[in-house]
1. Tell me which residues, restricted to region 65-95, are at pLDDT 85 or above and on the phi > 0 side of the Ramachandran plot.
2. How many residues does region 119-143 hold that are open to solvent by 20 Å² or more (accessible area, probe 1.4 Å), touching a Lys or Arg at 6+ places or on another chain (Cβ under 8 Å) and not in a loop (DSSP other than H, G, I, E, B)?
3. If I filter region 68-84 down to residues being of a type outside the set (Gly, Ala, Ser), buried (at least 16 other Cβ atoms within 10 Å of the Cβ) and in contact with a helix residue (DSSP H, G or I) (Cβ under 8 Å, 6 or more places away or on another chain), which single residue comes out as nearest to Ile163 (Cα to Cα)?
4. Might you let me know whether region 159-180 holds any residue that is at pLDDT 85 or above, within 17 Å of Gln96 (Cβ to Cβ) and of a type in the set (A, V, I, L, M, F, W, C)?
5. Restricting the search to region 31-60, which residues are modelled with pLDDT under 75 and touching a Lys or Arg at 6+ places or on another chain (Cβ under 8 Å)?
6. Inspect region 93-100 for any residue being surrounded by fewer than 20 Cβ atoms within 10 Å (Cβ to Cβ), of a type outside the set (Lys, Arg) and under 10 Å from the mean Cα position of the chain (by Cα) and give the result as yes or no.
7. Do you know which residues across region 42-67 are in a loop (DSSP other than H, G, I, E, B), open to solvent by less than 90 Å² (accessible area, probe 1.4 Å) and in contact (Cβ under 8 Å) with a residue 12 or more places away in the chain?
Amino acid sequence: MSRRPPLIDASSDPVHLNATSFIGTGGFGRVFKAQGRERELKNEAKAYMRLGKLAGRLTGVFRGVSFSLIVLSYKGHSLASFDGLAKFTRLSIALQLYRLHRAGVKVNDMKAEHVLHGRSGYCLIDFSVAKTNHLCPGISRCSELIETMNDLPISKDWLLVKIAQEFSNIFQGAFWIFVVALVSVIAPLGLLQK
């Protein structure tokens, strides 16, 4: 009897891997024999290499006689849908997508099944049809960001506040580094004495 994983359905989206048969259970989960297109696998590996820590850690790209595959670090389970998610969760997913866009990757296939939830938070996956040289025009003009905000749904204002908080934390840290550097330059000159 051939069993298929519940979140892989090649009939609805032919770009994804098609799990053809159940192989067994491994140390990290169920193992399936799968078929897919090599071009999409190469594109996906390229996106993971570009994204680094923003996505799952790429462990390796393997090519066999009749197959190719990529191996990623485990990041959790796929979401079934965006329905019923808390505001903070929806905002975290939108912020993660925004970070990918800032890194030059447009997913081109954003949906709940491509969001993993694990111990380290939320992670976006499946970059088989991603654009890896994306110059994002911003929250108000990027079609993927707008569609995702509508799908979640969250307002642009919520996301802008979260982005501002993130940049505030970055600049706050940079400010203190600047102050320490400045003091280390001025102190030997005796300019800090009363």
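1. Once the filter is applied, which keeps residues that are at pLDDT 85 or above and on the phi > 0 side of the Ramachandran plot, region 65-95 yields only Gly84.
2. Going through region 119-143 one residue at a time, the tally reaches 1.
3. Result: Phe82.
4. Scanning region 159-180 turns up no residue that is at pLDDT 85 or above, within 17 Å of Gln96 (Cβ to Cβ) and of a type in the set (A, V, I, L, M, F, W, C).
5. Matches in region 31-60: Phe32, Gly56.
6. Yes, because at least one residue in region 93-100 is surrounded by fewer than 20 Cβ atoms within 10 Å (Cβ to Cβ), of a type outside the set (Lys, Arg) and under 10 Å from the mean Cα position of the chain (by Cα).
7. Once the filter is applied, which keeps residues that are in a loop (DSSP other than H, G, I, E, B), open to solvent by less than 90 Å² (accessible area, probe 1.4 Å) and in contact (Cβ under 8 Å) with a residue 12 or more places away in the chain, region 42-67 yields Ala55, Gly56.
The values are calculated or read from the model by the stated rules, or taken from the named source; none is laboratory data. Since we're looking at a predicted model, the values are computed, not measured. We place every Cβ from the backbone using ideal geometry, glycine too, and count neighbours over all the protein chains shown. Just so you know, the surface numbers come from the protein's heavy atoms only, side chains and all, with ligands and any DNA or RNA stripped out. Shrake-Rupley method; radii C 1.70, N 1.55, O 1.52, S 1.80 Å.
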